[in-house]
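Below: one structure, written as structure tokens.
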Amino acid sequence: MTGVRSRSRWGRTFAALALLASTPLGAQQAPDRSKPPAPGPAPMLTLPAIQKFALGNGLRVWVLEQHEVPIVQANLVVLSGASADVPGQFGAASLTAAMLDEGAAGKAALALADEVEFLGAQLSTSASFDASAVRLSTPAAKLNEALGLMAQVALTPDFPTQELERLRTERLTALLQARDDAATLSSIAFPRLLYGPEHRYGTSAGGTESSLKTLGVGELRGFHRAHYRPDNAVLIVVGDVTPGTLRPLAEARFGSWKAEGPMPAALPIRQSPQPGKRQIYIVDKPGAAQSQIRVGLVGVPRSTSDYIALDVMNTLLGGSFTSRLNTNLREQHGYAYGAFSRFDMRRAAGPFSAYAGVQTDKTADALKEFFNELTAVVKPVPVDELERFKNYTALSFAGEFETTGQLAGKLEEMAVYALPDDVFSGYVGAVQKIAPGDVLRVAKQYLLLDRLVVTIVGDRASIEAPVRATNLGPVTVVPVADVMK
Amino acid sequence: MRSTIRALVAAAIVAVAAAPAGAQGPARLAVPYTEFTLANGLHVILHRDASVPIVTVNVWYHVGSGSEKPGRTGFAHLFEHLMFEGSKNVPEGSFDTWLEGAGANNNGSTTVDRTNYYIDGPSSALDLMLFLESDRMGYLLDTMTPARVDGQRDVVKNERRQSYENRPYGMAELELDAMLFPPGHPYSWSTIGSMEDLTAASHEDVQEFFRTYYAPNNASLVIGGDIDPVKTRAMVEKWFNEIPRGKPVMPVAPPAAMLTGVTKKSMTDRVQLPRLYLGWLTPGTYRPGDAALDVVSSLLAGGKNSRLYKRLVYDLQIAQDVSAYQQSQALGSVFMVVVTARPGKDLGEIRTIVDEEIDRLAGAPPEAREMERVRNQIEASFLRRAERVGGMYGKADLMNAYYTATGTPDYFEEDMARYRALDPADISSAVGTFLPRDRRVELTVMPEAKK
């Protein structure tokens with residue numbers, strides 16, 4: 001939740017200290033504090049054009065020039081992620097991505113890391129549900145060398161067995177550690193209890209202990225061969241570079257990348273049904289000082305035509321500091337340090353949830369307030385309140401376009417969800433068109449109060465009886481092991 | 001939001017480092033600014049950066065948890081929360097609703113040394129931002145009530161539960177302050193404070209703290225972004241000139257803290273894996289040794305080839321993670337090495353290896369490539385920092401930090417030069433001088449016995 005992008009020309013000699021003539025002090029009228037100064041007309045943020053071309057092998061390249069700081073962000077986005085994991089191999093996309101820089105083009109993991117760091121570059125690899133990505137940030141002067149390393153990692157990984165075993169142990173240990181942290185457990189328990197163990201969204205992208213143990217070099221190579229191909233990827237480059245400079249570099253580094261055979265048919269992601277009825281689950285965390293509460297259900301896909309209306313509605317409900325949930329649970333009641341809500345939009349309908357960590361002895365009271373706010377938002381919203389949240393949603397949008405990393409992330413979103421070129425330039429206007437009836441309609445349509453799933457990770461001995469006494473829904477106690485298997 | 005961020009300070013300083021060595025040799029970093037001081041003592045720094053039509057208003061009050069009275073630990077941070085709750089001409093809740101209604105974000109944070117506040121938003125809202133910032137600087141107490149104190153007391157207690165009590169190893173971090181600094185030293189208690197002291201904080205304490213520390217002569221204001229410097233100066237004078245100067249604030253000046261031996265402690269937590277903390281008292285921000293120890297932290301635990309990571313996590317695989325950092329602070333810094341053991345692995349063996357690697361670095365300078373790798377990383381991270389003008393650790397916040405510590409808002413080049421000037425022998429010398437095995441704290445956290 002911060003602001004701005006810089007244009008001062010760092011890295012160049014630039015030291016103008018234009019000293020201002022001092023205006024005389026004193027002889028001033030006291031300022032009028034009787035009402036807040038009204039902001040002037042909102043300034044417009046103009047984004048530079050995305051320059052698109054394709055390499056000889058068909059790899060699409062998108063360039064956004066940003067010359068303020070001599071650095072470049074380059075993200076190779078592969079349009080397949082954890083949703084392409086086949087049943088029984090949950091975690092394959094994630095582990096494939098993690099293995100890319102553990103040995104590539106005959107270079108060992110440590111040698112690759114040394115070369116990247118020596119350039120002053122940063123290279124990361126990861127997979128979300130919808131995409132896999134190799135992301136590079138490099139000083140502009142080192143772009144050619146850094147792109148070379150990036151291409152080796154993305155195109156010709158070696159998948160050394162001993163590195164796979166090392167990463168496997170690291171990930172299994174991390175799953176063990178997840179049990180320590182109520183917030184982490186909550187982020188595992190909620191989707192599992194909402195989607196179940198079969199649907200891909202019911203398990204985190206990294207997989208489970210048992211699925212991690214089944215993944216061998218063969219599975220990872222198979223995932224790489226099937227999905228990492230030039231006709232299933234976009235190279236996004238943002239920063240101190242021009243298409244003219246980039247094109248020959250990209251052609252040299254990525255031009256020999258060839259697809260093998262036809263594109264695999266995308267696994268259909270099943271639209272998960274909503275829960276049949278309201279359910280409250282308690283996951284025991286003995287002695288916890290707070291309970292992690294999540295309330296929600298199956299949300300919407302990124303392609304929803306209600307994207308903007310839901311964005312405004314969620315900003316009002318739990319997507320800003322002055323949202324209703326934060327105002328209630330933090331500012332009015334002091335039950336929590338903060339309370340939020342969000343729609344996690346993916347190719348298929350990801351989860352919607354409202355959530356907070358609340359002090360243990362106020363768990364039941366806080367749960368009632370979650371239901372009060374979810375109930376209230378399915379009623380007409382006062383016009384002035386809606387205007388305030390529309391303004392916030394629209395006017396703070398520019399702050400999301402601050403750094404090369406953020407800009408590249410926005411372009412990734414366009415690539416992965418095939419969004420139109422004007423999706424960002426048209427955003428502010430689209431927000432301003434939202435009417436009270438739109439917000440009411442989407443709230444009624446998507447926040448099904450009698451289907452809500454609640455997960456509470458907390459000290460069962462203290463919270464179970466008070467939560468049952470709220471009569472907000474049937475209560476089931478779920479062992480930690482059940483949500484993690 | 002409104003968070004204590006003490007643990008993040010070290011990372012911020014590490015990230016502020018040198019410029020890229022281009023073909024023409026190192027470029028000089030510079031950030032243009034103007035500055036002036038109002039008659040009431042408020043120091044103002046203006047930095048124009050017009051790439052995006054956004055401005056940031058960044059205020060530092062030169063008071064942190066180090067100025068708290070006995071029995072009132074956590075008060076500076078609780079007070080920070082109250083600064084958002086309204087002032088004479090701003091009804092409770094309106095600070096945030098007016099700003100969000102104008103498309104602006106805001107936050108604040110408290111460390112041992114200072115409290116900062118920022119507002120980022122469209123340039124068209126600058127007048128509103130300065131009105132709000134000046135109203136709470138001048139007139140916070142006019143509408144302060146015991147009920148407002150109670151409300152934020154509950155929020156801060158939940159912040160403590162969320163960030164420490166309910167977070168794995170969170171209580172260990174609170175313990176380290178008391179182990180490293182002697183009783184009574186301003187850094188010997190945590191910024192979040194104890195529950196007991198948070199309960200004891202009163203409306204009267206709020207009034208006294210405001211009158212003592214929240215005066216324009218104890219603050220500095222940086223305005224950055226798409227501003228017209230002449231108009232902005234006029235706006236600042238309009239809103240801030242009328243705020244009266246306060247009494248001079250005495251600097252916190254405790255006797256230098258020193259460790260004279262090894263302090264050991266072991267505690268249990270509801271965690272799966274044992275963890276080892278080793279801590280030393282090291283030179284304060286910008287003092288000789290401070291930059292060298294930043295580099296040491298990267299040599300030990302930054303990246304796969306760093307010495308401790310490679311040996312403990314990569315080669316031997318007896319640790320799940322390792323980190324090292326120089327937490328730079330005004331009155332004296334802390335250097336920490338933190339290692340989490342793999343299941344069933346012995347912290348004693350891990351400690352022996354950490355000691356071996358520290359001895360090795362003290363005994364022989366790092367290799368040239370190793371040194372340059374770290375320096376190139378530091379230089380590039382400096383560039384990445386230049387991308388943002390607002391928010392926490394954006395350029396405006398850094399200019400306030402530089403001004404506070406050195407009197408020069410554009411200290412970027414000088415800061416970078418500290419790292420450029422280091423040669424491998426300086427690194428060995430810093431390790432030998434500042435990380436002695438016989439003067440440090442050793443804290444171990446063990447998993448609670450299963451019931």
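The values are calculated or read from the model by the stated rules, or taken from the named source; none is laboratory data. Please read all numbers here as calculations on a predicted model, not as lab measurements. Reconstructed Cβ throughout: ideal geometry from the backbone, glycine too, with neighbour counts over all protein chains shown.
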Task: Odd one out for A:G120, checked against (1) surrounded by fewer than 24 Cβ atoms within 10 Å (Cβ to Cβ); (2) at positive phi - done: (1)
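This table checks each residue for (1) assigned by TED's automatic domain parsing to the domain that holds A:D130; (2) in a helix (DSSP H, G or I); (3) more than 22 Å from the chain's Cα centre (by Cα).
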residue	(1), (2), (3)
A:F159	yes, no, yes
A:E163	yes, yes, yes
A:L167	yes, yes, yes
A:L172	yes, yes, yes
A:L175	yes, yes, no
A:L185	yes, yes, no
A:G206	yes, no, no
A:G218	yes, yes, yes
A:H224	yes, yes, yes
Open item on the list: For the list (1) surrounded by 21 or more Cβ atoms within 10 Å (Cβ to Cβ); (2) under 18 Å from the mean Cα position of the chain (by Cα); (3) within 14 Å of another protein chain (Cβ to nearest Cβ), I need the number of the one condition that B:E85 fails.
Closed with: (2)
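Which of the residues spanning segment A:81-136 are farther than 30 Å from A:R270 by Cβ, away from chain B (no Cβ under 13 Å) and out of contact with any strand residue (DSSP E or B) (no Cβ under 8 Å at 6 or more places or on another chain)? Walk me through how you get there before you give the answer.
Here is the first cut: in segment A:81-136, the residues farther than 30 Å from A:R270 by Cβ are A:101-124, A:136.
Of the ones still in play, those that are also away from chain B (no Cβ under 13 Å) are A:104-106.
Correct list: A:A105, A:G106.
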Open item on the list: Testing B:W189 on (1) farther than 26 Å from B:G391 by Cβ; (2) surrounded by fewer than 22 Cβ atoms within 10 Å (Cβ to Cβ), one condition comes back false. Which one is that?
Closed with: (2)
- [ ] Only helices (runs of 4 or more DSSP H) wholly contained in segment B:180-243 count here; list those with 1 or more residues that are out of contact with any Pro (no Cβ under 6 Å at 6 or more places or on another chain) and within 14 Å of chain A (Cβ to nearest Cβ).
- [x] B:195-200, B:229-240
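Which count do you get for residues in segment A:460-476 that are assigned to a helix (DSSP H, G or I) and either at pLDDT below 95 or surrounded by fewer than 18 Cβ atoms within 10 Å (Cβ to Cβ) (or both)? Break it down into steps so the answer makes sense when it comes.
First pass over segment A:460-476, keeping only residues assigned to a helix (DSSP H, G or I): A:460-469.
Then drop every residue that is not either at pLDDT below 95 or surrounded by fewer than 18 Cβ atoms within 10 Å (Cβ to Cβ) (or both), which leaves A:461-462, A:465-466, A:468-469.
Number satisfying all stated conditions: 6.
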Task: When residues of segment B:49-82 are limited to those that are out of contact with any strand residue (DSSP E or B) (no Cβ under 6 Å at 6 or more places or on another chain) and at pLDDT below 95, the one surrounded by the most Cβ atoms within 10 Å (Cβ to Cβ) - done: B:V52
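Sort through A:P87, A:P70 and tell me the only one that's under 27 Å from A:T403 (Cβ atoms) and either assigned by TED's automatic domain parsing to the domain that holds A:L164 or hydroxyl-bearing (S, T, Y) (or both).
On the way: A:P87 fails: under 27 Å from A:T403 (Cβ atoms).
Just a single option satisfies the conditions, and that option is A:P70.
How many residues, within segment B:259-277, are closer than 22 Å to A:T184 by Cα and either outside the structural domain of B:T352 (by TED's automatic domain parsing) or in contact with a Leu (Cβ under 6 Å, 6 or more places away or on another chain) (or both)? Steps first, please.
As a first pass, look at segment B:259-277 and keep what is closer than 22 Å to A:T184 by Cα: B:268-275.
Next, only the ones that are either outside the structural domain of B:T352 (by TED's automatic domain parsing) or in contact with a Leu (Cβ under 6 Å, 6 or more places away or on another chain) (or both) stay: B:272, B:274.
Adding up the residues that qualify gives 2.
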Open item on the list: farther than 30 Å from A:F118 by Cα, assigned to a loop (DSSP other than H, G, I, E, B) and within 13 Å of chain A (Cβ to nearest Cβ): is that true of B:Q317 in this structure?
Closed with: no
TODO: Give me a count of the residues in segment A:353-402 that are more than 14 Å from every other protein chain (Cβ to nearest Cβ) and touching a strand residue (DSSP E or B) at 6+ places or on another chain (Cβ under 8 Å).
DONE: 7
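Take the residues in segment A:286-309 that are small (G, A, S) and within 14 Å of another protein chain (Cβ to nearest Cβ), then tell me which one is farthest from A:T363 (Cα to Cα). Quick ask: steps written out before the conclusion?
So the first thing to find is which residues in segment A:286-309 are small (G, A, S), and the list is A:287-289, A:291, A:296, A:299, A:303, A:305, A:309.
Next cut, within 14 Å of another protein chain (Cβ to nearest Cβ) only: A:287-289, A:291.
Numbers: A:G287: 14, A:A288: 12, A:A289: 11, A:S291: 6 Å.
Checking each candidate, the answer is A:G287.
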TODO: Provide a single number: the residues in segment A:69-125 that are touching a residue at least 40 places away in the same chain (Cβ under 8 Å) and of a type in the set (S, T, Y).
DONE: 4
TODO: Of the conditions (1) assigned to a helix (DSSP H, G or I); (2) within 27 Å of B:R385 (Cβ to Cβ), A:A98 clears all except one; give me its number.
DONE: (2)
Open item on the list: Testing B:W280 on (1) without any contact (Cβ under 8 Å) to a residue 24 or more places away in the chain; (2) over 30 Å from B:P409 (Cβ atoms), one condition comes back false. Which one is that?
Closed with: (1)
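I'd like the residue in segment A:397-408 that is in contact (Cβ under 8 Å) with a residue 24 or more places away in the chain and of a type outside the set (A, V, I, L, M, F, W, C) and, out of all such residues, is surrounded by the fewest Cβ atoms within 10 Å (Cβ to Cβ).
As a first pass, look at segment A:397-408 and keep what is in contact (Cβ under 8 Å) with a residue 24 or more places away in the chain: A:397-399, A:401-405, A:407-408.
Pick out the ones that are also of a type outside the set (A, V, I, L, M, F, W, C) and you get A:399, A:402-405.
On the way: A:G399: 25, A:E402: 24, A:T403: 25, A:T404: 24, A:G405: 17.
Taking the candidates together, the pick is A:G405.
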- [ ] Report yes if some residue within segment A:153-171 is without any contact (Cβ under 8 Å) to a residue 40 or more places away in the chain, more than 9 Å from chain B (Cβ to nearest Cβ) and under 30 Å from A:T245 (Cβ atoms); otherwise report no.
- [x] no
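Regarding B:E370, is this residue without any contact (Cβ under 8 Å) to a residue 24 or more places away in the chain, within 14 Å of chain A (Cβ to nearest Cβ) and buried (at least 17 other Cβ atoms within 10 Å of the Cβ)? Show your work before the answer.
Values: without any contact (Cβ under 8 Å) to a residue 24 or more places away in the chain: no; within 14 Å of chain A (Cβ to nearest Cβ): yes; buried (at least 17 other Cβ atoms within 10 Å of the Cβ): yes.
No: the conditions fail for B:E370.
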TODO: Identify the single condition in (1) closer than 22 Å to A:V77 by Cα; (2) within 14 Å of chain B (Cβ to nearest Cβ); (3) over 20 Å from the mean Cα position of the chain (by Cα); (4) not in a helix (DSSP H, G or I) that A:N144 does not satisfy, given that it satisfies every other one.
DONE: (4)
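What do you reckon, is B:L29 crowded, with 24+ Cβ neighbours inside 10 Å, modelled with pLDDT of 95 or more and more than 20 Å from the chain's Cα centre (by Cα)?
On the way: crowded, with 24+ Cβ neighbours inside 10 Å: yes; modelled with pLDDT of 95 or more: no; more than 20 Å from the chain's Cα centre (by Cα): yes.
Criteria not met by B:L29.
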Open item on the list: I want to confirm something. Restricting to segment B:102-156 and keeping residues that are among the β-branched types (V, I, T) and more than 20 Å from B:N400 (Cβ to Cβ), which single residue is farthest from the other protein chains (Cβ to nearest Cβ)?
Closed with: B:T145
Open item on the list: So B:L259 passes all but one of these: (1) in contact (Cβ under 8 Å) with a residue 40 or more places away in the chain; (2) farther than 17 Å from B:R437 by Cβ; (3) among the aliphatic types (A, V, I, L, M). Which condition number does it fail?
Closed with: (2)
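Can you spot a residue in segment A:275-285 that is part of a loop (DSSP other than H, G, I, E, B), in contact with a Leu (Cβ under 8 Å, 6 or more places away or on another chain), away from chain B (no Cβ under 13 Å) and at pLDDT below 95? Spell out the reasoning first.
Here is the first cut: in segment A:275-285, the ones part of a loop (DSSP other than H, G, I, E, B) are A:275-278, A:285.
Now drop any that are not in contact with a Leu (Cβ under 8 Å, 6 or more places away or on another chain), which leaves A:275, A:278, A:285.
Still in the list and also away from chain B (no Cβ under 13 Å): A:275, A:278.
Of the ones still in play, those that are also at pLDDT below 95 are A:275.
Yes, that holds for at least one residue.
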Open item on the list: crowded, with 20+ Cβ neighbours inside 10 Å, in a helix (DSSP H, G or I) and modelled with pLDDT of 95 or more: which single residue out of B:A362, B:A380 fits that description?
Closed with: B:A362
Open item on the list: I'm checking my understanding of the structure. Among residues of segment B:386-402 that are in a loop (DSSP other than H, G, I, E, B), surrounded by fewer than 24 Cβ atoms within 10 Å (Cβ to Cβ) and of a type outside the set (G, A, S), which one is nearest to the other protein chains (Cβ to nearest Cβ)?
Closed with: B:M392
- [ ] Show the residue pairs that are 6+ apart or on different chains and have beta-carbon atoms under 8 Å apart, the first residue being within segment B:289-314 and under 16 Å from A:D101 (Cα atoms) and within 9 Å of chain A (Cβ to nearest Cβ), the second being among the hydroxyl-bearing types (S, T, Y) and surrounded by fewer than 23 Cβ atoms within 10 Å (Cβ to Cβ).
- [x] B:G303/B:Y309; B:K304/B:Y314
